[in-house]
Amino acid sequence: MNKAKRAAVIAGNWKMNKTPSETAALIEEMKPLVADADCGVVLCVPFVDLPAALDAAKGSNIKIGAQNCHFKESGAYTGEISAAMLCELGVEYVIIGHSERRTYFGETDETVNLRTRAVLDAGLTAIVCVGESLTQREQGVTAELVALQTKIALRDVPAEQLSRVIIAYEPVWAIGTGKTATAAQANEVNAVIRATVASLYGDAAAEALTVQYGGSMNAGNAAELLDQPDVDGGLIGGASLKAADFATIVRAASR
Ligand code: PEP
């Protein structure tokens, strides 16, 4: 399978931005701008904004995602949200293992794996984030590290659930910094991720896998990044908060 046959997905990560009313307004603004998209369009919003986002996106091609969820089904986990709760709301995607969660909230490769499995078992799609720090890139361990993160994230994930996994390569040094990986760097690491998945699940499964790039992707650089053979979409932070910029990225991914 070549790139043209894989599902390209542009997912916005709004992080801790927008109130419910602001969420509704921004989605109303985006809807007509992305209506003709020839790729998946997902907006991952804060937990409290999910009902407003689902309501605003109803009847459109925009799917709604969360930015995290706990790996237990229920119990004494104050402040946490389960995959079943998200599922009942109508959420379809969940970002797992974003570098901000790894850095600020103690997320580890092991909890990324547990959360990924919880998301998949609930019938949702997991957008699993992997990526190296600047130090790790300078140490020359990017490929090994990203392969390791991918392998642990997918531990015990059955092959039949892989079609609901998206992997986002997000170099930590490129997130929110304005520094983007070059198109060649993004493609090279995305290919490592695909090869890792091929070693676990076989070539056909790896060829069908959507592997995104994320890290300061914007309206100006999206086309070159998305043109790479192993880049099947993007996870977009800052630029997903501006309707026109997000729509430009969606257009660049449409083919
Ligand atoms: C992100 O939050 O996943 C991200 C890629 O952010 P930004 O586009 O702002 O770098």
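The values are calculated or read from the model by the stated rules, or taken from the named source; none is laboratory data. Computed from a predicted model, the values in this text were never measured in an experiment. Cβ coordinates were reconstructed from backbone atoms using ideal geometry, including for glycine residues, and neighbour counts include every protein chain displayed. Ligands, DNA and RNA are stripped out before the accessible areas are found, and what is left, the full protein with its side chains, is counted by its heavy atoms. Shrake-Rupley method; radii C 1.70, N 1.55, O 1.52, S 1.80 Å.
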Quiz prompt | Given (1) closer than 20 Å to LEU148 by Cβ; (2) without any contact (Cβ under 8 Å) to a residue 60 or more places away in the chain, index of the condition GLY75 fails | solution = (1)
Exercise. Look at the range 167-200 and say how many of its residues are within 16 Å of the ligand (Cβ to nearest atom) and open to solvent by less than 30 Å² (accessible area, probe 1.4 Å).
Key: 13
Quiz item: Of the residues CYS87, CYS69, which is hydrophobic (A, V, I, L, M, F, W, C) and touching a Gly at 6+ places or on another chain (Cβ under 8 Å)?
Solution: CYS87
Quiz prompt | Candidate set: the range 1-19, residues that are hydrophobic (A, V, I, L, M, F, W, C) and part of a loop (DSSP other than H, G, I, E, B); chosen: the one nearest to SER216 (Cα to Cα) | solution = TRP14
Exercise. Take VAL119 and decide whether it is more than 19 Å from ALA206 (Cα to Cα), assigned to a helix (DSSP H, G or I) and not charged (D, E, K, R).
Key: yes
Practice problem: Could you pull out every one of the helices (runs of 4 or more DSSP H) wholly within the range 160-244 that has 1 or more residues that are touching a Phe, Trp or Tyr at 6+ places or on another chain (Cβ under 8 Å), modelled with pLDDT of 95 or more and not aromatic (Phe, Trp, Tyr)? | Solution: 183-201, 222-226
Self-check item: the range 232-243, subset open to solvent by less than 30 Å² (accessible area, probe 1.4 Å) and of a type in the set (Gly, Ala, Ser), residue farthest from the ligand (Cβ to nearest atom)
Solution: ALA243
Quiz prompt | Test: residue in the range 112-132 that is within 16 Å of the ligand (Cβ to nearest atom), modelled with pLDDT of 95 or more, more than 16 Å from the chain's Cα centre (by Cα) and not acidic (Asp, Glu) | solution = no
Quiz item: Can you find a residue in the range 244-251 that is farther than 24 Å from GLU138 by Cβ, of a type in the set (D, E, K, R) and within 14 Å of the ligand (Cβ to nearest atom)?
Solution: yes
Quiz item: For the range 6-52, which residues satisfy the criterion of being within 20 Å of SER254 (Cα to Cα), without any contact (Cβ under 8 Å) to a residue 40 or more places away in the chain and open to solvent by 10 Å² or more (accessible area, probe 1.4 Å)?
Solution: LYS31, PRO32, ALA35
Self-check item: GLY215 open to solvent by less than 10 Å² (accessible area, probe 1.4 Å) and touching a Cys at 6+ places or on another chain (Cβ under 7 Å)
Solution: no
Quiz item: Could you list, in sequence order, the residues of the range 201-231 that are within 12 Å of the ligand (Cβ to nearest atom) and under 18 Å from ALA168 (Cβ atoms)?
Solution: GLN212, TYR213, GLY214, GLY215, SER216, MET217, ASN218, ASN221, ALA222, LEU225
Quiz item: So which residues in the range 134-150 are in contact (Cβ under 8 Å) with a residue 40 or more places away in the chain and of a type in the set (A, V, I, L, M, F, W, C), if there are any at all?
Solution: ALA143, VAL146, ALA147
